[in-house]
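First the structure, in the form of structure tokens, and then the observations on it.
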Amino acid sequence: MNENPTPAADPARGRFWLIQLTRLSGIVFMLAGLAVLTGKVELPRAAGVVLLLVGVAEAFIAPILLARQWQSPRQ
């Protein structure tokens with residue numbers, strides 16, 4: 001029998017892509033926040049600050065937390 005999992009069944013592959021998408025969406029939030037803060041988008045300044053802070057947390061903190069949660073137990 002084949003002991004190697006198929007690429008679609010490998011949980012590490014799905015986790016990798018989820019972390020990458022989390023980083024990408026964080027960058028999108030940061031860009032949206034900067035667009036509001038620079039006046040390119042007509043929203044209150046507070047909304048821009050919130051978008052920027054959420055984007056920073058999502059791009060830099062959330063991937064670390066996800067990786068830590070999925071980390072294999074130490075032996």
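Please treat every number below as a calculation from the coordinates, not as lab data. Computed from a prediction, not measured in an experiment: that's the story for all the values here.
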Could you run the Karplus curve 6.51 cos²θ - 1.76 cosθ + 1.60 with θ = phi - 60° over region 35-52 and give me ³J(HN,Hα) per residue in whole Hz, x for Gly and Pro?
5, 5, 5, 8, x, 6, 10, 7, 9, x, 4, 4, 5, x, 5, 4, 4, 5
Potential extension, I19-L53 segment - 0.36 nm per residue separation minus Cα distance
10.4 nm
Cα Rg, Dmax (largest Cα-Cα span) when computed across region 27-69, Å
11.8, 38
Each residue of region 19-25 in order: what ³J(HN,Hα) in whole Hz does its phi give by Karplus 6.51 cos²θ - 1.76 cosθ + 1.60, θ = phi - 60°, with x for Gly and Pro?
5, 5, 5, 5, 4, 4, 5
Helical mean residue ellipticity (222 nm; -39500 (n - 2.57) per DSSP H run of 4+; nearest 500) of the chain
-21000 deg cm²/dmol
Where the centroid of each part is defined by its Cα atoms, how far is region 24-45 from region 48-72 in Å?
17
